[in-house]
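This report refers to the structure that appears directly beneath it.
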Amino acid sequence: MKVIFDKIKTNVFTVLKQIKKYSQLEAIISKTMALLMRFSFYTTQWTLVGEKIPESYHIKGVPFIVCLWHDRLMLAPCVWKWEKPLHVLASAHQDGRLIARIVKNFFSMPPVYGSTGKGFTAAKRLIQLAKAGEYVAIIPDGPRGPRHKLSSGIVTISKLAKVDILPYSFCVKRYFRFDSWDKFIWVWPFNRGVMVWGNPITSAELKNMTETEAAQYVESKINEASEKAHKVLMNV
């Protein structure tokens, strides 16, 4: 019996050591990525389009939902310049935990773990936050895609919390695109780029749309922001 107990004890300690090593590695990776994100952001010469839109919400103290595609995620945390925190929906998957660690520890953005489409737990929390006047960020085609296809949760949250959605996107001259499901864009430093805040998508205009119509409408507005960023970049 003692032999069995000793084996179990040894296995438990081995697992705990591996978890600790992984946690330390994750901490190093997240810190490195945060530094690289900031370095790329602050060494890029930006042209800003629509920056007065979120500013007007902040001046009035009105909450909103930031909405962007997963492939434009790299520099999004660097954009948030306001004192009031942005609550970010984060997946419970491994890559989601890493993103959550980065935004929480290095950008002071509290993560909300879960999915807006499973069990509705995360969606309920986001609705509570928005109703309480907090700002929320959702990547509606994450964590696994399909790419640039809206999950249903963001429309529901906007309607129930009665908060507007602000599309966001950017485009840069030099980047590396990963061969991943989202074709993730890694921005090189010493760059030139355009950031676009799209026109607000109000909860009132979504109210009278079907779920499919609303999803397609929000998708089109995020894509418009990306297209506008690309168009402006070609002329700067």
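Numbers at a glance
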quantity	calculated
Number of positions in segment 76-113 that are farther than 23 Å from MET195 by Cα and among the aliphatic types (A, V, I, L, M)	3
Hey, VAL194 closer than 24 Å to PRO146 by Cα, surrounded by 14 or more Cβ atoms within 10 Å (Cβ to Cβ) and β-branched (Val, Ile, Thr) or not	no
Residues satisfying the stated conditions in segment 207-236, i.e. in a loop (DSSP other than H, G, I, E, B), without any contact (Cβ under 8 Å) to a residue 60 or more places away in the chain and exposed (fewer than 15 other Cβ atoms within 10 Å of the Cβ)	ASN208, THR210, MET234, ASN235
Residue within segment 50-63 that is closer than 23 Å to GLY114 by Cα and modelled with pLDDT under 95 present	no
Condition met for LYS124 (modelled with pLDDT of 95 or more and basic (Lys, Arg))	no
Of all residues making up segment 137-160, the number that are within 11 Å of PHE64 (Cα to Cα) and surrounded by fewer than 19 Cβ atoms within 10 Å (Cβ to Cβ)	0
Count of segment 46-78 residues which are within 11 Å of TYR168 (Cα to Cα), among the charged types (D, E, K, R) and assigned to a helix (DSSP H, G or I)	1
Residue within segment 72-91 that is of a type in the set (A, V, I, L, M, F, W, C) and over 21 Å from PRO167 (Cβ atoms) present	no
Residue within segment 114-136 that is aromatic (Phe, Trp, Tyr), surrounded by 21 or more Cβ atoms within 10 Å (Cβ to Cβ) and touching a Leu at 6+ places or on another chain (Cβ under 9 Å) present	yes
Test for LYS31: is it basic (Lys, Arg), under 19 Å from VAL194 (Cα atoms) and at pLDDT 60 or above	no
Enumeration of residues in segment 86-103 that are surrounded by fewer than 16 Cβ atoms within 10 Å (Cβ to Cβ) and either of a type in the set (Asp, Glu) or at pLDDT 90 or above (or both)	ASP95
Given (1) touching a strand residue (DSSP E or B) at 6+ places or on another chain (Cβ under 8 Å); (2) aromatic (Phe, Trp, Tyr); (3) free of Cβ contacts under 8 Å to residues at least 60 places away in the same chain, number of the condition TYR42 does not satisfy	(1)
Of residues in segment 51-70 being β-branched (Val, Ile, Thr) and either under 14 Å from ILE154 (Cα atoms) or surrounded by 15 or more Cβ atoms within 10 Å (Cβ to Cβ) (or both), the one farthest from the chain's Cα centre (by Cα)	ILE53
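Residue-by-condition table, conditions (1) acidic (Asp, Glu); (2) at pLDDT 95 or above; (3) under 20 Å from the mean Cα position of the chain (by Cα):
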site	(1), (2), (3)
VAL163	no, yes, yes
CYS171	no, yes, yes
TRP181	no, no, yes
PRO189	no, yes, no
MET209	no, no, no
SER220	no, yes, yes
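The values are calculated or read from the model by the stated rules, or taken from the named source; none is laboratory data. Computed from a prediction, not measured in an experiment: that's the story for all the values here. A quick note on method: Cβ atoms are made from the backbone with ideal geometry, for glycine too, and the neighbour counts reach across all protein chains shown.
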